[in-house]
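Take a look at the structure below.
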Amino acid sequence: MRKTLGPLCAGVFAFSANVGLAQDAAAPAGATLNVELNALAPSQKGCMMTFVAENNLEAPVNKISFELAFFNGKNTVDRITVLDFRDLPLGKKRVRQFDMPNVKCEDVSRILINDTPVCDGPAAGACMKGLVTRSQISVPFEG
């Protein structure tokens, strides 16, 4: 009496392949969401932060926000805040500025994109998966 697992194995393989395709659909190869830390400048409130974002994902972003962690000179998290980058049209660069109250630019040693709590438009998970960060200044910007 010989038992075969052929149909069961085929079903598991087909399920696994479909899960893999669904994960790959989140952000196809080459689909990126580029976010650059462009400048930090002292302001009356604190620190004016300038970012340049370019959406090269597969779809327009109708609304996106980033949860950012700001590190101080001791390399400890000084604060976490969510910034609303609004919409990011497909293939277009957008400049976004945020005046951060009670932040001294010279005390910011590093900025980390911790999460994208809102990413309306692309497939689920595509914004974080396609995220590419860089910095035009001496302060590291990571994602």
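Please go through the range 88-143 and pick out each residue that is in contact with a strand residue (DSSP E or B) (Cβ under 7 Å, 6 or more places away or on another chain), among the polar types (S, T, N, Q) and either in a strand (DSSP E or B) or free of Cβ contacts under 8 Å to residues at least 60 places away in the same chain (or both).
Within the range 88-143, GLN97, ASN102, SER109, ASN114, THR116, THR133, SER135 meet the criteria.
Has the range 45-52 got any residue that is of a type in the set (Lys, Arg), over 17 Å from ASN34 (Cβ atoms) and surrounded by 13 or more Cβ atoms within 10 Å (Cβ to Cβ)? Before you say what the answer is, go through the steps one by one.
Within the range 45-52, the subset of a type in the set (Lys, Arg) is 45.
Filter again for over 17 Å from ASN34 (Cβ atoms), leaving 45.
Adding the requirement that they be surrounded by 13 or more Cβ atoms within 10 Å (Cβ to Cβ) leaves none.
Checked against the condition, which is being of a type in the set (Lys, Arg), over 17 Å from ASN34 (Cβ atoms) and surrounded by 13 or more Cβ atoms within 10 Å (Cβ to Cβ), the range 45-52 yields no hits at all.
From ASN55, ASN62, grab the single residue that is over 19 Å from PRO140 (Cα atoms), assigned to a strand (DSSP E or B) and open to solvent by less than 50 Å² (accessible area, probe 1.4 Å).
Working: ASN62 fails: open to solvent by less than 50 Å² (accessible area, probe 1.4 Å).
Every option except ASN55 fails the conditions.
Assuming ILE80 fulfils every condition listed in (1) open to solvent by 80 Å² or more (accessible area, probe 1.4 Å); (2) more than 18 Å from PRO140 (Cα to Cα); (3) at pLDDT 95 or above apart from one, which condition is it?
(2)
Give the residues of the range 118-143 that are open to solvent by 70 Å² or more (accessible area, probe 1.4 Å) and in contact with a Phe, Trp or Tyr (Cβ under 8 Å, 6 or more places away or on another chain), sorted by residue number.
Answer for the range 118-143, where residues must be open to solvent by 70 Å² or more (accessible area, probe 1.4 Å) and in contact with a Phe, Trp or Tyr (Cβ under 8 Å, 6 or more places away or on another chain): just ARG134.
The values are calculated or read from the model by the stated rules, or taken from the named source; none is laboratory data. Remember, it's a predicted structure, so these values are computed and weren't measured experimentally. We place every Cβ from the backbone using ideal geometry, glycine too, and count neighbours over all the protein chains shown. Heavy atoms of the whole protein, side chains included, go into the accessibility calculation; ligands, DNA and RNA do not. Shrake-Rupley method; radii C 1.70, N 1.55, O 1.52, S 1.80 Å.
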